[in-house]
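Structure record follows, encoded as structure tokens.
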Amino acid sequence: MLEIKGLSKHFGGLAAVDKFDLSINQGEIVGLIGPNGAGKTVTFDMISGFLRPTSGKIMFEGEDITGRHPYYIASKGIIRTFQATSVFSELTVMQNIVAGCHLNAKIGLLESILHLPSSRKKKERVLNKALEILQFVGLADIKDILAKNLPHGHKRVLGIAIALAAEPKLLLLDESTSGMNAGEVTDAMELISKIWQRGTTILLIEHNMRAAMGICQRIAVLSFGKKIAEGLPAEMQENKEVIEAYLGVEANATA
């Protein structure tokens, strides 16, 4: 489904990502992990079109999407969340999901202005879809609350729900459990697993190692912009380079 070859991004003389390779098959859930500053979010930015690669190629379903604009990539089915909580603070939870549905709503300007029956039917379908998503993620009971009044954990879940509203084929989750307590992390991982079980391919960045190891089928590890390892979660837990990247050589030697 997704094939990345030799992907690099340089900022001046700094290689934030250096010759990164990764392939993801349809139906997989894959983790991208590494220490702070390893280049994980920069990689997401290039896949989703927010940054143009310095070199390399990104193929999605056989099409070269390298350097294409974010709206084009989203229209192809690659939808992402962001490290920072990205919700419309002054809209209700329900309105946030409706906004997320716009990519596939296909409501024409003229039919909307003239309040044609076709427009009303499409809007009704959008509302029904939004409610179904809220029920799926567990936010239906608070659908009329302003997003700015939600606790942090609910905002993170709402961000995932907005991404689901765009009907992703490939969902890129950038630290979706950031700032959550242990119980919220468990709930979020269960939700992500449910999304995957419904047929959505997932690539996720996750700092919570236990969470990533528990949910991903395969994990790629970045350190200083380079992929240092890739394989099964159990293999990554025993990999010396991975341990050193997270703990440091000295910490590993004295452990």
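Within region 1-46, track down each residue that is surrounded by fewer than 19 Cβ atoms within 10 Å (Cβ to Cβ) and in contact with a helix residue (DSSP H, G or I) (Cβ under 7 Å, 6 or more places away or on another chain).
Answer for region 1-46, where residues must be surrounded by fewer than 19 Cβ atoms within 10 Å (Cβ to Cβ) and in contact with a helix residue (DSSP H, G or I) (Cβ under 7 Å, 6 or more places away or on another chain): just PRO35.
Within region 35-85, take every residue that is part of a loop (DSSP other than H, G, I, E, B) and among the charged types (D, E, K, R) and give me the one that is farthest from TYR246 (Cα to Cα).
The residue in question is LYS76.
Between a residue in region 7-23 that is without any contact (Cβ under 8 Å) to a residue 24 or more places away in the chain and within 18 Å of ILE205 (Cβ to Cβ) and any residue that is in a strand (DSSP E or B) and of a type in the set (Asp, Glu), which pairs come within a Cβ distance under 7 Å, given they are 6 or more apart or on different chains?
Cβ pairs passing all conditions: SER23/GLU3.
Restricted to region 47-69, and to residues that are among the aliphatic types (A, V, I, L, M) and more than 13 Å from the chain's Cα centre (by Cα), which residue is surrounded by the fewest Cβ atoms within 10 Å (Cβ to Cβ)?
In this case the residue turns out to be MET59.
So which residues in region 148-168 are over 22 Å from SER48 (Cβ atoms) and either aliphatic (A, V, I, L, M) or not in a loop (DSSP other than H, G, I, E, B) (or both), if there are any at all?
Scanning region 148-168 gives LYS148, ASN149, LEU150, HIS152, GLY153, HIS154.
For the subset of region 202-253 comprising residues that are of a type in the set (S, T, N, Q) and either modelled with pLDDT of 90 or more or over 20 Å from the mean Cα position of the chain (by Cα) (or both), which member is surrounded by the most Cβ atoms within 10 Å (Cβ to Cβ)?
For region 202-253, the residue satisfying everything is SER223.
Considering only region 160-178, I want to know if a residue exists there that is of a type outside the set (Ser, Thr, Tyr) and either more than 22 Å from GLN26 (Cα to Cα) or free of Cβ contacts under 8 Å to residues at least 60 places away in the same chain (or both).
no
Of the residues GLY6, GLY37, which is at positive phi and modelled with pLDDT under 95?
GLY37
Would region 180-190 turn up any residue that is without any contact (Cβ under 8 Å) to a residue 60 or more places away in the chain, within 28 Å of ASP18 (Cα to Cα) and either assigned to a helix (DSSP H, G or I) or among the aliphatic types (A, V, I, L, M) (or both)?
No, there is no match, as no residue in region 180-190 is without any contact (Cβ under 8 Å) to a residue 60 or more places away in the chain, within 28 Å of ASP18 (Cα to Cα) and either assigned to a helix (DSSP H, G or I) or among the aliphatic types (A, V, I, L, M) (or both).
The values are calculated or read from the model by the stated rules, or taken from the named source; none is laboratory data. Treat the numbers as computed from the prediction; the structure is a model and nothing was measured. Neighbour counts run over all protein chains shown; Cβ positions are idealised from the backbone, glycine included.
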